[in-house]
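> Structure incoming, see below.
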Amino acid sequence: MTENNPANLMASPKGDHIPWSLIVVIIIGTFMAVLNGSIVNVALPRIMVLFNTTADNIQWVLTCYTMALGCVMPVAGYLSDRFGYKRTYFLALALFTAGSALCGLAWNLNSLIAARIIQAVGGGIMQPLGMAYAMRVVPRQRMGVVMGVWGIAAMAAPAIGPTLGGYLVEYVNWRLIFYIMVPVGIFNLWLARRLMQETPLIKGKNFDIWGVISSTIGLFCLLLAISQGNKYGWGSPYIVSLFSLALIALSFFIYNELTHPEPLLELRLFKNYLYTISTFVGIALNIGMFGAMFLLPLLLQSVLGQTAMKTGLILLPAALATALMMPISGRIYDKYGGRVIVPVGLAIVTLTTYAMCTFSDLTPYSVMIFWLVLRGMGMGLSMMTVTTLGMITIPLHLVSRASALRNVILQVAASLGIAMFTLVMQNRQIFHYDNLMNSVNLSSTDGLSLQAALQQIAISQNWDATNTGAYMASAIVKRVTTLSSIQAIGDCFLVASAICLVSAVVSLLLRNPRLDMPPKSVEAKMPRPTVAAATKEA
């Protein structure tokens with residue numbers, strides 16, 4: 001082992017060479033982790049029947065993954081500094097692959113939940129570590145195109161997941177949604193072992209044990225409360241207790257991180273102007289984006305009656321549009337910076353999300369696809385660009401901590417967005433249902449025409465004509481329920497467009513960093529690495 005000066009750990013890669021072989025390893029890992037979050041949803045009804053469990057219990061397959069993911073992300077930065085990026089990434093990828101195999105072998109609900117937690121531990125470390133590793137091996141002036149290509153995996157996977165998962169569940173076997181990740185994971189492990197290079201180790205004297213404990217308790221209670229608030233009621237003693245514990249634990253965590261010599265998450269990174277603004281924009285964008293991604297399948301499947309596979313095919317063109325735009329936006333960023341790209345992209349996202357308010361059972365799918373494709377182009381312009389703007393001025397000795405901190409915040413924002421839109425949808429559905437039912441007038445011309453039509457149908461089908469009133473009432477209730485659901489989801493899209501508009505306005509505060517010189521002004525604001533020794537394998 002040879003000792004290095006900690007200051008040298010901040011040196012940026014020289015030249016214009018992009019190590020694409022290393023980026024491919026990161027892209028595959030990111031794609032696996034993100035795909036796993038969307039491909040499982042379509043299999044839950046089949047798993048629920050197979051394991052003879054309830055809808056409430058089967059939701060733990062999703063809830064436990066989200067909570068474990070959020071709880072483990074804060075330690076990703078420490079582990080990569082302490083044991084090296086290559087070693088930590090390899091271990092995380094191995095855990096994710098092993099967890100996928102165990103999910104496929106699950107014999108009951110508890111075994112599936114345990115395997116999902118193993119998956120989440122690997123995925124929670126792998127996602128922030130991938131971004132941090134890219135920041136270390138790619139020249140700063142070429143980060144735009146690399147982050148654009150890397151973002152393809154993050155955006156394409158959620159759209160491919162329902163389509164692929166729907167096909168496997170419907171025509172093959174639900175276990176394959178987990179098994180297909182095993183050979184890909186093994187292949188990526190082989191690539192990581194051969195291609196990745198180990199980074200210098202930063203060994204500190206003071207492990208932040210209280211930071212680990214308080215962040216785990218705080219994030220666990222917060223994510224659990226968010227995920228179950230709609231089920232138990234936001235004012236119920238159970239949810240209020242969880243939020244209270246989260247507030248206490250996270251308040252202690254913030255105090256501990258600001259006073260600890262070697263914090264788990266470096267909160268003083270928010271002294272960095274670009275990092276702070278880009279993170280805020282990312283929060284608003286994540287809430288709006290994940291809200292729409294959650295609502296669209298609900299509208300298409302639960303309200304309009306489409307299959308999971310058909311829903312995936314409707315969403316796929318938008319994902320392809322995003323994938324096409326990300327490398328383009330990366331090249332534009334490398335040449336001109338991201339100050340103009342991000343507001344333009346977010347303006348497109350805001351406009352198209354607002355247009356989605358008009359989606360109904362009468363909207364042609366071609367019209368839906370048009371607006372979704374345009375929205376995907378806006379996402380491709382803005383999402384990874386704003387991430388690059390925030391991360392590119394972070395000194396290299398802090399990129400792992402910055403990536404972990406950003407991923408934790410965005411994970412909480414995504415969970416909060418889904419819970420918020422669920423609550424808005426439920427409340428607005430009740431509101432619209434009452435309004436529509438109050439507006440029903442059976443004595444009107446339309447009402448009398450409906451009664452006559454139902455009588456003719458009853459006679460032609462040899463039904464009991466005396467029950468025409470019951471048939472009509474059932475038809476009215478069904479139609480009103482459908483319309484109230486469509487209008488409620490439209491209201492949610494309106495809220496999402498308002499949130500996206502906020503992110504677009506805030507993005508005007510972004511500025512282009514100087515890519516032709518090291519970020520000395522930024523480094524001066526950041527705490528120096530407190531290390532006992534910085535070592536690298538000889």
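The values are calculated or read from the model by the stated rules, or taken from the named source; none is laboratory data. Not measured: the values here are computed from a predicted model. Cβ sites come from the backbone with ideal geometry, for glycine too, and all protein chains shown count toward neighbours.
> Just the residues that are crowded, with 24+ Cβ neighbours inside 10 Å and either of a type in the set (A, V, I, L, M, F, W, C) or part of a loop (DSSP other than H, G, I, E, B) (or both), please, taken from the range 400-413.
Correct list: ALA402, ALA404, LEU405.
> Take the residues of the range 196-208 that are among the aliphatic types (A, V, I, L, M) and more than 28 Å from the chain's Cα centre (by Cα): which is surrounded by the fewest Cβ atoms within 10 Å (Cβ to Cβ)?
Here the answer is LEU201.
> Restricting to the range 173-188, name every residue that is under 24 Å from the mean Cα position of the chain (by Cα) and either under 15 Å from GLN119 (Cβ atoms) or of a type in the set (S, T, N, Q) (or both).
ARG175, ILE177, PHE178, TYR179, ILE180, MET181, VAL182, VAL184, GLY185, ASN188
> From the residues in the range 116-144 that are of a type in the set (A, V, I, L, M) and surrounded by fewer than 22 Cβ atoms within 10 Å (Cβ to Cβ), which one is modelled with the lowest pLDDT?
Of everything passing the filter in the range 116-144, VAL137 is modelled with the lowest pLDDT.
> Would you check which residues across the range 63-111 are over 29 Å from GLN228 (Cβ atoms) and aromatic (Phe, Trp, Tyr) and list them?
TYR78, PHE83, TYR85, TYR89, PHE90
> Further, regarding this structure: Can you name the condition, by its number, that SER251 falls short on among (1) in a loop (DSSP other than H, G, I, E, B); (2) under 30 Å from VAL502 (Cβ atoms)?
It is condition (1) that SER251 fails.
> A further question on this structure: Would you confirm whether or not the range 195-205 contains a residue that is assigned by TED's automatic domain parsing to the domain that holds ILE18, assigned to a helix (DSSP H, G or I) and either among the small types (Gly, Ala, Ser) or out of contact with any Asp or Glu (no Cβ under 9 Å at 6 or more places or on another chain) (or both)?
yes
> Answer yes or no as to whether ARG82 is within 27 Å of LYS203 (Cβ to Cβ) and of a type outside the set (Val, Ile, Thr).
The answer is yes for ARG82.
> Out of (1) farther than 22 Å from PHE220 by Cα; (2) hydroxyl-bearing (Ser, Thr, Tyr); (3) part of a helix (DSSP H, G or I), the odd one out for TYR78 is which?
Result: TYR78 fails condition (1) only.
> How many residues are more than 18 Å from VAL72 (Cα to Cα) and without any contact (Cβ under 8 Å) to a residue 60 or more places away in the chain if we restrict to the range 110-127?
The number of residues fulfilling the criteria is 2.
> Still on this model: Every residue in the range 231-242 that is part of a helix (DSSP H, G or I) and surrounded by fewer than 17 Cβ atoms within 10 Å (Cβ to Cβ), please.
Listed by number, the residues that qualify are LYS231, TYR232, PRO237, TYR238, VAL240, SER241.
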